[in-house]
Every structure is written in C-alpha cells, then in structure tokens.
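First the structure, in the form of structure tokens, and then the observations on it.
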Amino acid sequence: MPDISQILCVVDPTADVQPALERAAFVARTTGAELELFICYYNEYLTRDWLFDAPALDTTRNDINAGLEKRLEEMAASLRDSGLTVRTSVLWDRPLHSGIVRHAAAIGADLVFKDTHHHSAVSRALFSNTDWNLIRSCASPLWLVKPGTFPEKPVFIAAIDPMSAHDKPAALDDEILVLASSIAAAAGAEVHAFHAFDPRLAVSAATANAYIPVSLPLDEIAEKMGKQHKQRFDEVAGFHGIDAAHAHLVRGAAHEELPDLARKLDAAVVVMGGVARSRLERLFIGSTAERTLEHLPCDLLIVKPPWFRAEEE
C-alpha cells in the first residue's frame, strides 16, 4: 500500500468555489496525510522594470503575495479546526503547470489535486491547456476534480491494460490498482477494474498494408482475443483482490465504453495511467485515452510509471 503522507492542493485564486480543496481535504482526512494549500501566481506586468522601478515592483509583488497568503490561511483555518495538518504556500512562477510540477516535486507530493471544469450540457470534463500539460508532465499522481458533490461511499474505476498495449509497462497497472485500492480502503469505497478490447483494431492493423481486399473472420478473431484478454485481466484483477462482480472486461472502444461504465456505476473517480514512449514525445497517454478523458462524467486520477520524471522547462 503506498504511503500517502503529503497532499498538494492547487488553489485557484480567481474562483469562489474550490472543489479540489473539498476533495483533497476528504482524502487527507481519510488517510491522515498532511495537506498543503498552494497558489502559483505570476504577472508579467510586475516583472518589467520599464513599467515600475525596482522598489515599487518589490512592494507590489509582496502585497500580492501577502494577500494570497491571507486567503490561503483563511481557507486553512477551518480545516485545522477539524483536525487536519495544513500548510500554505504561494509561489511566483510560470508557466502555471511547470510551477505546479516543480513545487510538487520539491515537497515530495504523493497526490496533487486541481480543479477542472465540465460542460454541463453533456456532463463531461473540459480540460484547460494547463490540465493537459499537467496530465503529461506531473510525476505525482494527479487528481483532476470536477464540480459536484463527492458521495459518502464513492466508486473508483481502475482502467488497466493487462495486455500492455501501446508500449505500456505492465507495472503501471499495478500502480493504478494499488493506489485506487489504498484510497478506496481508507474511504470505505468500492473499486472496480475495467479493460476494453476492440477486435476491429486488430483486423484493421492486419489489413493495413494489404494491397488487395482482405476478408478476415471477425467473430473468430474476437473470440480468440476475448479469451486472451480475459485470462490476463482476470489474473491482474484477482491478484489485487478485485471481486469478479467488480471486474469489467468489455468488447468495444475504450473511449466509448469507459465513460458509459462510469455513468452506469455513478463512479466518483476513474484512475488511469499515463505512459511515455520517448523523450521527444514527452508524456503521451495515447489518442484513445485522450478521447476518453474529455467524456468522463467524474473526477480523473492520472498515475505515472514509477520511473517517470518531469522535464524542466
């Protein structure tokens, strides 16, 4: 079970409501972790000495930082009264995602929480550029929180890939399931495992380089693939103590099936992995995963391989 002792919550100084703070406090309370409330702020107009002289710049920046610190301390007061250990910090850094990544690494954050938004018409996540950059570059597990009430008995879905497709390290499935299970155990939550396979992709790959029409037995291929995926999926889920009733092996496209399952189970969090193919591509979670993320109706927790390290900008 991973040791969750340091939680970093990114606070949006422009927002009146802080869903990430509520979620971070919930997890800190259930795991006994320390919580740090953090604002990363930067204003380019306060860094150019042709607009202000140096003393005026320092004074203005100090006043802004003091105001942000005061706001964080006001948020922290009620949390401390409830028994949580809470720190606050303000960092002048840019771009926003890099400042968050650097600070998370500096304090050894075991979890990073940040608000995201969703489009109410289709109840899906709507990620900002900062969110996408964090998904790709944050080495700590990243919990993106959408607005809404968190249930008392939340449901977690661990989306795994036991066939290690897309060059994905098998160990990442273990990281996903261990983290999901540990948080769920502390919170009294359910954990479900999910994996989807699509035989149409196998047929498409097999015929992609053919110069003549090729007819392949799709049903036979689907049956064989289903047996292979079920064997590996059952092995991984069983090893992590996932009950058979909570193990969902689905034939179809992951970007369609995972959001559907999340809605069916009224899931609170989907836990999935980010993988790296090369240094040039940095973190690439895959086109299928990226299509999936925007359509999830719940929070998202992204887990990186143990060896992943963020690149400095």
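Residues whose amide H lies under 5 Å from that of A109, counting only those 5 or more places away or on a different chain, are absent; hydrogens are built 1.01 Å from N in the peptide plane.
Go through D266, D93 and list them by solvent-accessible area, largest first, probe radius 1.4 Å. Show your work: numbers first, answer last.
Details: D266 120, D93 30 Å².
Order by accessible area, largest first: D266, D93.
For K153, a cut-off of 13 angstrom between C-alpha atoms picks up these aspartates and glutamates, skipping any fewer than 8 places away in its own chain: E190, D266. Of the residues T31, T59, ranked by 1.4 Å probe accessible area with the largest first, the sequence reads T59, T31.
Over the range 1-115, Cα pairs under 8 Å with separation of 6+ residues give a relative contact order of 42 percent.
3J(HN,Hα) along the range 129-139, derived from phi through the Karplus expression 6.51 cos²θ - 1.76 cosθ + 1.60 where θ = phi - 60°, amounts to 4, 5, 4, 4, 5, 5, 4, 7, 10, 7, 6 Hz, with x in place of Gly and Pro. Straight-line cross-link partners of K70 among the lysines, defined as a Cα under 30 Å from its Cα and at least 8 positions apart when in the same chain: K114, K146. In straight-distance terms, cross-link reach from K227 covers every one of the lysines whose alpha-carbon lies under 27 Å from its own, apart from those fewer than eight places away in the same chain; here that gives K168, K264. Listed values for the range 79-89 are Karplus-derived 3J(HN,Hα) couplings in whole Hz (6.51 cos²θ - 1.76 cosθ + 1.60, θ = phi - 60°), namely 5, 5, 4, 7, x, 7, 8, 10, 10, 9, 7, and x replaces Gly and Pro.
The values are calculated or read from the model by the stated rules, or taken from the named source; none is laboratory data. Since this is a predicted model, take the numbers as computed values, not measurements. Remember, those area values only see protein heavy atoms, side chains included, never the ligands or the DNA or RNA. Shrake-Rupley method; radii C 1.70, N 1.55, O 1.52, S 1.80 Å.
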